[in-house]
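Undergrad: Sharing a structure below in C-alpha cells format, with a few things to ask.
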Amino acid sequence: VSEKQHTLAQAAEVAGTGLFLGKNARVRLLPADPGAGITFVRTDLPGAPRVEALATNVPPAQRWTALKKGPAEVQMIEHVLSALAGLGVDNVVIETDSAEMPCGDGSAQAWVAPILNAGLREQDAPRRRINIDRPYAIVEKDVAITAAPMPEGLLITYVLDYGQMFVKSQVHTLLVTRDSYIREIAPARTYVLRPEVDAFIKMGMGRGATPENTVVLEQDGSYSVPLRFPDECARHKILDMIGDLSLAGAPFNGRLVGYKSGHGANGRLARAIMDASGK
Ligand SMILES: [Zn+2]
C-alpha cells in the first residue's frame, strides 16, 4: 500500500509567548499543495519572505532550532515541526508575525491540539519516504547520534547523561506512531538545569519562561514542578529529535539513537540524510 501525502483540512491558529525573547506571536497553519512540504512565512516583514523547513536552511544551532533564508528567519521551530511530523502532516504553510514560535507549555501540546482540531486531509499524491540504506553516525566529543536502516517504522532511543552532575541519567525508547507520539512524547516539556537558568537571564534570554512551561532541574536532584513522566527529559529530547530530523525533507524508516545529543547534532544528521536522499 502506498502512503498518501496529507495536509490540514482547514487553517489552525496558535498564539502565545516565545520562550527566549518573550514576544507574542500569532501563527497560522494553512493547508498547502502536494509536494509543497513545510514553509514558514514571516508576514510581519516587507514582502512576507519565506523559508522552507529543510536542513539546508539551518544556521549553526544554539539551544534551539532556527531556519534562515535571506530576511526570513524563524526560531524555536522544533516543537511545531515535531507535532507536524508526529501527526503525519506533509504539506503546510506556517504564517507567523514574529521570529520566535510560541512555546505553549514547553511541550508539543500547544500544536497537537489545534492540528487535531483542524483535521488532516489526504492528498492525491504518494508520500515520498527517504530510504535509509546505510548507517550514519554524527560524533562530536562525547555527543553522538546514529541512524541505521530499519525496514519498517521509526524507532528512537535517547540516552540522557550529564555524567558527574546532579541530573540522574534517563533512557527512553519509542516506536514512533501517531498514537504513541500523541500519548508518550507530545506532553513532554522543555527542561533546563538550574546553573543554566542564571546564564540565560544574564544573556537576556528566557524572558518567556514561567514555572509552567519550563521544568528546572535543581541541584539537589529535585524538579521545580511535578514531572509528567519519570523520564520526561529524555522524552522531550525525542520530541526535539522528531522535529529536527523532519528537516531531512521527508519521513524515513530507521533506528535512531541519540546520546547526549541536541539540536546541533540533530541538524547535521538531518542534513546528511537529506544530502544522501538526492534532494
Ligand atoms: Zn525542545
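The values are calculated or read from the model by the stated rules, or taken from the named source; none is laboratory data. From a predicted model like this one, the values you see are computed outputs, not experimental measurements. Accessible surface areas use protein heavy atoms only, side chains included; no ligands, DNA or RNA. Shrake-Rupley method; radii C 1.70, N 1.55, O 1.52, S 1.80 Å.
Undergrad: For the range 159-171, just list the computed ³J(HN,Hα) in residue order, Karplus coefficients 6.51, -1.76 and 1.60, θ = phi - 60°, integers in Hz, with x standing in for Gly and Pro.
TA: 3J(HN,Hα) across the range 159-171, in whole Hz: 10, 9, 8, 9, x, 6, 6, 6, 8, 5, 6, 9, 10.
Undergrad: Right, next: Leaving ligands, DNA and RNA out of it, work out the accessible area of Glu100 with a 1.4 Å probe and give it in Å² to the nearest 10.
TA: Solvent-accessible area, nearest 10 Å²: 0 Å².
Undergrad: Another question, if that's okay. Hey, what's the Kirkwood Rh for the range 30-183 if you take every pair of different alpha carbons, in angstrom? Write down the numbers at each step before the final one.
TA: On the way: mean 1/r = 0.0563 Å⁻¹.
Taking every pair of different Cα atoms in the range 30-183, averaging 1/r and inverting gives 17.8 Å.
Undergrad: Another question, then. Take the alpha carbon atoms of the range 142-279, find their radius of gyration, then divide it by 2.2 N^0.38 Å using N residues; give the quotient. Kindly include the intermediate steps, with their values, before the conclusion.
TA: Values: Rg = 15.8 Å, N = 138, 2.2 N^0.38 = 14.3 Å.
Relative to the 2.2 N^0.38 Å estimate, the range 142-279 comes out at 1.11.
Undergrad: May I pose another question? Put one equal scatterer on each alpha carbon of the range 204-279, apply the Debye formula with no solvent term, and list log10 I(q)/I(0) at q = 0.18 1/Å to two decimals.
TA: Treating every Cα as an identical point scatterer, log10 I(q)/I(0) equals -0.85.
Undergrad: Next question. Please tell me which of these pairs span more than 28 angstrom C-alpha to C-alpha: Lys23/Lys260; Lys202/Lys260; Lys4/Lys260; Lys141/Lys168; Lys202/Lys237? Please report the intermediate quantities before stating the final value.
TA: Numbers: Lys23/Lys260 30 Å; Lys202/Lys260 25 Å; Lys4/Lys260 35 Å; Lys141/Lys168 21 Å; Lys202/Lys237 25 Å.
Flagged as over cut-off: Lys23/Lys260; Lys4/Lys260.
Undergrad: Roughly how many Å² is the accessible area per residue of the chain, as a whole number, for a 1.4 Å probe?
TA: Details: 12450 Å² over 279 residues.
Each residue of the chain exposes 45 Å² on average to a 1.4 Å probe.
Undergrad: Pop out the ³J(HN,Hα) list for the range 6-19 in order, Karplus 6.51 cos²θ - 1.76 cosθ + 1.60 with θ = phi - 60°, rounded to Hz; leave Gly and Pro as x.
TA: Listing the rounded values in order: 10, 10, 7, 6, 7, 5, 10, 10, 9, 10, x, 8, x, 6 Hz.
Undergrad: Let me ask something else about it. How big is the Cα convex hull of the range 195-237 in projection, averaged over all directions, in nm²?
TA: Details: hull surface 13.7 nm².
Answer in nm², one decimal: 3.4.
Undergrad: Okay, next question. Ratio to report: Rg/Rh of the chain, with Cα atoms as the point set and Rh obtained by the Kirkwood method; give two decimals. Spell out each step's value before the answer.
TA: Numbers: Rg = 17.7 Å, Rh = 18.8 Å.
On the Cα set of the chain, Rg over Rh gives 0.94.
Undergrad: Tell me the carbon and sulfur percent of the accessible area for the chain, rounded to whole percent, probe radius 1.4 Å.
TA: Numbers: 6610 of 12450 Å².
So the carbon and sulfur contribution to the accessible surface is 53 percent.
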